[in-house]
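Here's the structure we're looking at; comments come further down.
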Amino acid sequence: MEHRALLLLLLAFLTPGAPIPVPPALKALSNLHLSTRLTSRPAIDIKYSIHYIQQKVDHFGFNTDKTFKQRYLIADKHWKKDGGSILFYTGNEGDITWFCNNTGFMWDMAEELKAMLVFAEHRYYGESLPFGANSFKDSTHLNFLTSEQALADFAKLIKHLKRTVPGAKNQPVIALGGSYGGMLAAWFRMKYPHMVVGALASSAPIWQFEDLVPCGVFMEIVTADFRKSGPNCSESIRRSWDAIRRLTSTGPGLHWLSEALRLCSPLTNSQDVEHLKDWITETWVNLAMVDYPYESNFLQPLPAWPIKVVCQYLKNPNVSDPQLLENIFQALNVYYNYSGQVKCLNMSETATRSLGSLGWSYQACTEMVMPFCTNGIDDMFEPHSWNLKEFSDDCFKQWGVRPRPSWITTMYGGKNISSHTNIIFSNGDLDPWSGGGVTENVTDTLVAITIPEGAHHLDLRANNAFDPTSVLLARSLEVRYMKQWIKNFYASLRKKH
């Protein structure tokens, strides 16, 4: 697999757009972002109004006044002007309505915190396109797609709301987000501490850069999820790669495997086989991210604890190559055909279209340079080392830009963040992104909450009858911190007056 493809495969963030020269399997992972799904709890009344604000395309230069419309959503059913608060979702790589509908925790907490909910769309995603249909045309048009510009959008929006919404001026704002959105929430509190009193950063891999964590940790966690979910499960997957190679070494083998895996498009050459392996890899990664304790529909309709269901088909690695691949098909079918409606498996589809792969592909080639690698020993995948030069060349070929791997740590501090305050970093032990997250307290106000049975930002999802106790405790602790921030805000406000 190309290193750049592997990276994109592993980056759980995206938006829909024109096809990109990356194996589709990788797209899904990119999609994986940080959101949450409410289908399991239809009781939540999700009603919001849609608004737009004119934002500068470039907040940091002075040679253009060009603006674009940024979309944001407001829900104020439980908001109280007296003693209330504003919960501000820092939108990430996708359509903001999807994140709004999938972040049930905010809706569940609105009444208790007397909160107005605001969901801000990230530039270049959803409807917030700085150059309309030309936004992804080339690197000149994409030049303003950075985390810094997005944070500046959020700051301008909060200032606008405080100026224009009666009652909002003297209220505390708390930033919340998951995955890339969680990174933005944490970075927003770091860079604009006068704008928000604190931040909840769920499943936010702010340390998945340079050599802050080992490049293999992500895939090791994916492997551990499978290893713990059934006997011989990860070993069956580890052995499947050589089985695929042996089976596809002949024309009849390619045909047989296409039929055995019920692929919509048959395999015809070695490039297709690499694509197939990328797609299967991405599927295992996606399953690790959405290994939730109840039926869900985050990326695909899935059963409760989907990896356990998958592993029922992968109990015996010591079978013939054809039998092993038949078993792999049954496992893939859990992810792609839980509904029973699918006639064939489509290698170009791995997740919801609400996430945007095109924009994220560019971000991964500029600022969001996250090294990933595998060795086939500590993980269940084929060995792939991290090769920055190869990655950079691929980026230049696609976008005409080269990555700056050390910029994020320069901008946001890497592990030197102890000068900041009031950020909660929550991570689930099942979530591969926890490997790049903050999983131990940095100070008494930069706190880590760990959810042993939690996958990707489980705490941001709506309350569910099947939630493990650990996520209920995590949410109650998060609310306790937020209430303290709000209390401290009003106490200092009274002192001033």
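The values are calculated or read from the model by the stated rules, or taken from the named source; none is laboratory data. Because the structure is a prediction, the values reported are computed rather than measured. Note that each Cβ is placed from the backbone with ideal geometry, even for glycine, and that neighbours are counted across all protein chains shown. Surface accessibility is based on the protein's heavy atoms, side chains included, excluding ligands, DNA and RNA. Shrake-Rupley method; radii C 1.70, N 1.55, O 1.52, S 1.80 Å.
Some notes on this structure:
- Residue in segment 237-256 that is open to solvent by less than 30 Å² (accessible area, probe 1.4 Å), over 30 Å from Ser492 (Cα atoms), touching a Ser or Thr at 6+ places or on another chain (Cβ under 6 Å) and among the hydrophobic types (A, V, I, L, M, F, W, C) present: yes
- Count of segment 340-364 residues, restricted to those that are modelled with pLDDT of 90 or more, among the polar types (S, T, N, Q) and open to solvent by 20 Å² or more (accessible area, probe 1.4 Å), is 1.
- Considering segment 439-493, and only residues there that are in contact with a Gly (Cβ under 6 Å, 6 or more places away or on another chain), part of a loop (DSSP other than H, G, I, E, B) and touching a residue at least 60 places away in the same chain (Cβ under 8 Å), the residue that is farthest from Trp107 (Cα to Cα) turns out to be Ala455.
- Yes/no for Cys344 being out of contact with any Leu (no Cβ under 8 Å at 6 or more places or on another chain), over 17 Å from Arg227 (Cα atoms), outside the structural domain of Ser265 (by the TED database) and in contact (Cβ under 8 Å) with a residue 60 or more places away in the chain: no
- The lone exception for Ser392 - which of (1) free of Cβ contacts under 8 Å to residues at least 24 places away in the same chain; (2) open to solvent by 50 Å² or more (accessible area, probe 1.4 Å); (3) within 30 Å of Thr140 (Cβ to Cβ) it fails: (2)
- Every condition in (1) under 30 Å from Thr469 (Cα atoms); (2) in contact with a strand residue (DSSP E or B) (Cβ under 9 Å, 6 or more places away or on another chain) holds for Arg262 except the one numbered (1).
- Residue in segment 216-229 that is touching a Lys or Arg at 6+ places or on another chain (Cβ under 9 Å), more than 30 Å from Gln484 (Cβ to Cβ) and among the small types (Gly, Ala, Ser) present: yes
To keep it simple, each residue is scored yes or no on (1) of a type outside the set (D, E, K, R); (2) free of Cβ contacts under 8 Å to residues at least 60 places away in the same chain; (3) under 25 Å from Asn318 (Cβ atoms); (4) not in a loop (DSSP other than H, G, I, E, B).
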| site | (1), (2), (3), (4) |
| --- | --- |
| Ile206 | yes, no, no, no |
| Ser240 | yes, no, yes, yes |
| Ala243 | yes, no, yes, yes |
| His255 | yes, yes, no, yes |
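- Residue count for segment 365-380, restricted to those that are open to solvent by 10 Å² or more (accessible area, probe 1.4 Å) and in contact (Cβ under 8 Å) with a residue 60 or more places away in the chain: 8.
- Filtered residues of segment 210-237 (kept if of a type in the set (D, E, K, R), in contact with a Gly (Cβ under 8 Å, 6 or more places away or on another chain) and in a loop (DSSP other than H, G, I, E, B)): Glu210
- Some residue of segment 285-304 being in a helix (DSSP H, G or I), more than 23 Å from the chain's Cα centre (by Cα) and among the small types (Gly, Ala, Ser): no
- Counting only helices (runs of 4 or more DSSP H) that fall entirely inside segment 104-169 and contain at least 3 residues that are among the charged types (D, E, K, R) and in contact (Cβ under 8 Å) with a residue 12 or more places away in the chain, the qualifying elements are 147-164.
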